[in-house]
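The values are calculated or read from the model by the stated rules, or taken from the named source; none is laboratory data. Predicted, not measured: the structure shown is a model, and the values here were computed from it. Positions of Cβ are backbone-derived with ideal geometry, glycine not excepted, and every protein chain shown enters the neighbour counts. Only protein heavy atoms, including side chains, enter the accessible area calculation; ligands, DNA and RNA are left aside. Shrake-Rupley method; radii C 1.70, N 1.55, O 1.52, S 1.80 Å.
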Amino acid sequence: MPLKAYLDKALVEAGCDEAGRGCLAGPVFAAAVILPKDFHHPALNDSKQVKESDRYMLREVIEKEAIAYAVGEVDNNEIDKINILNASFLAMHKAIDQLKTKPDSLLIDGNRFKVYKGIPHSCIVKGDAKFASIAAASVLAKTYRDDLMKKLHDQYSHYGWSDNKGYGTALHREAIEKHGVTEYHRRSFQLVHWDLFQEQK
């Protein structure tokens, strides 16, 4: 099914999505994107459904053709303080703050959001597979976060961040057990295997 270009044609809509919510390390990123109402690209979809090379190709297209776009991030220390859900909302707010065009409405991927400066919003479950602006935001958030995790990999290569981007793969969890945590790990998350810490019943 092709992505929808808008929810309300009469409004300037910004699609918003985040990346890195479930990771064990690194910040959560979010993006906000306002696309022209006639924008279409056959490869655009939820970033998780797009291969990596296409995501970077799409990022160039989105940044060239968007009316406005911006990316925000919240680091792991702030995530530990306010929790990942609130950090995801904050990252979206930071992205919206930077938009050069003020939107009339926000299209939010997911089922929850904190009101942003009185701008009406619509929460859309799996919105990144339904609306072009949300899909575009997912591509930007994902690629900018991936770029950072690849850079951090050079500093801490044994965690495999160039491949797992901070998600809890077996290699990543085993490296935490062996080497401990870094300043980029989310201490409020379950960083090693649950079964090592569960009480015997």
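Report ³J(HN,Hα) in whole Hz for each residue of the stretch 72-83, in order, from the Karplus equation J = 6.51 cos²θ - 1.76 cosθ + 1.60 where θ = phi - 60°; Gly and Pro get x.
Values, residue by residue: x, 9, 10, 7, 4, 5, 5, 4, 5, 7, 10, 6 Hz.
Got a sec to turn the phi values of the stretch 64-69 into Karplus ³J(HN,Hα) couplings, 6.51 cos²θ - 1.76 cosθ + 1.60 with θ = phi - 60°, whole Hz, x for Gly and Pro?
Working through the residues one at a time gives 7, 9, 5, 5, 7, 8 Hz.
Please give the contour-minus-distance gain from H158 to L11: 0.36 nm per residue of separation, less the Cα-Cα distance, rounded to one decimal in nm.
This chain segment gains 48.1 nm when fully extended.
In deg cm²/dmol and to the nearest 500, what is the mean residue ellipticity at 222 nm of the chain if only DSSP H runs of at least 4 residues count, each as -39500 (n - 2.57), divided by the residue total?
That comes out to -11000 deg cm²/dmol.
About its Cα centre, how strong a charge dipole does the stretch 53-92 have in debye, to the nearest 20, once Lys and Arg get +1 and Asp and Glu get -1 at the Cβ?
So the dipole magnitude of the stretch 53-92 works out to roughly 80 debye.
Leaving out ligands and nucleic acids, and using a 1.4 Å probe, what accessible area per residue does the chain come to in Å²?
With all protein chains present, the chain gives 52 Å² per residue.
What is the set of long-range amide H partners of A25 at a cut-off below 5 Å, with H atoms built 1.01 Å from backbone N?
Close amide H contacts, sequence-distant or interchain: R186.
Between H40 and M57, what length comes free when the chain is fully extended (0.36 nm per residue of separation minus the Cα-Cα distance, one decimal in nm)?
Additional length available on full extension: 4.7 nm.
Ordering H158, H172, H121, H40 from largest to smallest accessible area (1.4 angstrom probe), what's the sequence?
I get H40, H158, H121, H172, largest accessible area first.
Just to verify a number: FRET efficiency for D97 and E183, C-beta to C-beta distance, R0 = 30 Å, to 0.05?
It comes to 0.70.
Order D46, D147, most accessible first, counting only protein heavy atoms with a 1.4 angstrom probe.
D147, D46
How far apart, in nm, are two points set 7 Å out from the Cα along the Cα-to-Cβ line at D147 and at D80?
With each label placed 7 Å out from Cα toward Cβ, I get 2.7 nm.
I need the phi-derived Karplus couplings for the stretch 94-99: 6.51 cos²θ - 1.76 cosθ + 1.60, θ = phi - 60°, integer Hz, Gly and Pro marked x.
Values, residue by residue: 4, 5, 4, 3, 8, 4 Hz.
Quote the charge dipole size of the chain about the Cα centre in Debye, to the nearest 20; the model charges only the Cβ of Lys and Arg (+1) and of Asp and Glu (-1).
Result for the chain is approximately 340 debye, rounded to the nearest 20.
Restricting to Cα atoms and excluding each atom paired with itself, what does the Kirkwood estimate give for the stretch 1-160 in Å?
15.5
Run the dipole for the stretch 77-162 about the Cα centre, Lys and Arg Cβ at +1, Asp and Glu Cβ at -1, nothing else charged, and hand back the magnitude in debye, nearest 20.
Magnitude of the dipole: close to 200 debye.
Ignoring ligands, DNA and RNA, how do K37, K130, K165 rank by accessible area with a 1.4 Å probe, largest first?
Most to least solvent-accessible, the answer reads K130, K37, K165.
Using the charge dipole of the stretch 103-201 (Lys, Arg: +1 at Cβ; Asp, Glu: -1 at Cβ; taken about the Cα centre), state which of A132, S157, Y184 has its Cα farthest towards the positive end.
A132
At a 1.4 Å probe radius, carbon and sulfur cover how many percent of the accessible area of the stretch 82-201?
Result for the stretch 82-201: 51 percent of the exposed heavy-atom area is carbon or sulfur.
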